[in-house]
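Only the coordinates and a few stated rules stand behind these numbers; no lab work does. From a predicted model like this one, the values you see are computed outputs, not experimental measurements. Virtual Cβ from ideal backbone geometry, glycine too; neighbours counted across all protein chains shown.
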Amino acid sequence: MSARAPCIPWHRTQVYQAHASHLPGLPQTDRPVCGYCDGKDTTRLARTAAPDSREAAHLASVVEVYTCSACGAETRFPRYNDPLKLLETRRGRCGEWANAFALCCAAAGLRARQALDWTDHVWAEVFLPLRAGEAPGRWVHADPCEAAMDTPLLYEAGWGKRLSYVIAVDENGVVDVSCRYARDWEAMKARRVLVDADWLKEYLAHTTAQLRSHLSADQLAELAARDAADAARDPNPVPTRQRLPGRQSGSETWVASRGEGGGNKAGAADEGPAAAGPPLVRYRLAGDEGVAARLPGRLTGGAVRASGQNGEAEGAVRALDGDPATKWLDFGGGALGAVPWLEYRVRGGAGKAGVEVARYVLTAGNDAPARDPKAVALEGQRPGSSEWVTLDEREGLCFPERGSALSFDLPTESCFPCVAFRLRILELLDRAAAGAVQLACWDLYVAQ
């Protein structure tokens, strides 16, 4: 395995461009350079678009369209899935890295597959034979984006993530490998609430059988032997005293906003299972008292909670801080059938009598338009009641660009005192592509 490990940093530094401005010699491509004036830090994501015929020919699933603040031109950033095209463009994010790396492994005679983390990352696994005479080998973690190999605890013990689902995919199967990346498997199982565990196991087995339906008996026997050997190994990663780093790919500001820096630049040693944090449904002080000076009339001083969140860095309080550069992000809210929500409870003297809200404003997140709310319902709770009453409903929401705001006035009959307000996200702009729900700001304005 050690003989092959150097291919990881080689791939990162020689083959592909990172989306990290702080990696030596690797230009940032999370926001592409303007194709007209070559502005490096002037582009902002405006919208997503369908691929044209040339882009579709290279398996682009979606195209991100960026507007340049310097010249006003638009630059298209196709998210290609054709690994040969990716080796030509040499730019992208973790998904493109894993895709191109898998092709390089295939060219070297190694089997590789992609591992999709439901909390927003993609890496690879490489099947490596054991010592001579020992068969058939094992799947090994390999993250070309991070130049990391055989460090499965990198994400939970290093980055500080709390994983839920990690699904490995190649042309011969789809496998749930989540437990291999769990610092605490019991804690991870408590977060795996999107689908029934038995249903997921049966569905993945059925999909794998379909993918293998065209193979010969010898090929099936070889894969079955590998599957059996893989299933027989201890699924839990071995705790390590090695200090695992926070995320290296991505600008420092971006990494910090996602809470994936690991708490210190040197990294953190794995101390075993992490203590479980408080349930997300508990209230937190919004800490938004200073927002009123910038946004006169905005309701402040309350407490907030949400259906879920992506750590503290993208927690519920971020939707109430009045800053369009931060956001609330809930990966569970992107699941099929999910109805994510934000709740704001009035405190102090008004917490008993309630306040009247006449208007609310929603601000789009900084990326991934598919995660934008498309339909919402604003609800209120009267003093002395636990019942939620619908105050306003909106459909067909469409934010014109990233960071833009939509303002809605409440009907006159909905302007009555409430002690709590809840925003329910009924639909997303593109749930199939979203994987999460996000909102930069949710501002409630008191009736004058």
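For the pair the stretch 208-227 and the stretch 398-412, the centres of their Cα atoms are 52 angstrom apart. With the simple model of a label 7 Å out from the Cα in the direction of the Cβ, Leu194 to Gln219 spans 2.9 nm. The fraction of all Cα pairs in the stretch 69-215 landing in successive 5 Å bins from 0 to the largest distance is 2, 8, 15, 19, 18, 16, 11, 6, 3, 2, 1, 0, 0, given as whole percents.
In this label model, Arg382 and Glu395 are separated by 2.7 nm, measuring between points 7 Å along each Cα→Cβ vector. Taking the Cα centre of the stretch 373-448 as reference, the dipole from Cβ charges on Lys and Arg (+1) and Asp and Glu (-1) amounts to some 220 debye.
The packing ranking, built from the mean of other Cβ atoms within 10 Å per residue, places the peptides 420-427, 67-74 in the order 420-427, 67-74, highest first. For the listed peptides 80-89, 117-126, 188-197, a ranking on the average number of other beta carbons within 10 Å per residue, highest first, reads 117-126, 80-89, 188-197. Between Ser53 and Ala70, residue separation times 0.36 nm minus the direct Cα-Cα distance comes to 3.2 nm. Summarising the overall dimensions of the stretch 335-448 from its C-alpha atoms, the Rg and Dmax are 14.5, 44 angstrom. Here the stretch 284-446 is assigned +1 on the Cβ of each Lys and Arg and -1 on the Cβ of each Asp and Glu. Its dipole about the Cα centre then comes out at about 340 debye.
For the stretch 395-448, just say rounded, prolate or oblate: build the C-alpha gyration tensor, square-root its eigenvalues into a ≥ b ≥ c, call rounded for a/c under 1.5, and beyond that prolate if a/b exceeds b/c, oblate if not. Prolate shape, in that a/c is at least 1.5 and a/b is the bigger ratio.
Among residues other than Arg345 with Cβ under 10 Å from its Cβ, the summed charge is +2 (Lys and Arg +1, Asp and Glu -1).
For every other residue with a beta carbon closer than 9 angstrom to the beta carbon of Pro373, add +1 if it is Lys or Arg and -1 if Asp or Glu, then tell me the sum. Charge balance near Pro373 sits at +1. Simple spin-label estimate for Lys201 and Ala229 gives 2.4 nm between the two label positions (7 Å along the Cα-to-Cβ direction from each Cα). Using the Cβ-Cβ distance between Cys179 and Thr412 with R0 set to 45 Å, the FRET efficiency from 1/(1 + (r/R0)^6) comes to roughly 0.25. Using C-alpha pairs under 8 Å with a sequence gap of at least 6, the mean separation divided by the residue count of the stretch 284-446 gives a relative contact order of 32 percent. Averaging the sequence gap over all C-alpha pairs within less than 8 Å and six or more residues apart, then dividing by the number of residues, gives the stretch 33-169 a relative contact order of 15 percent.
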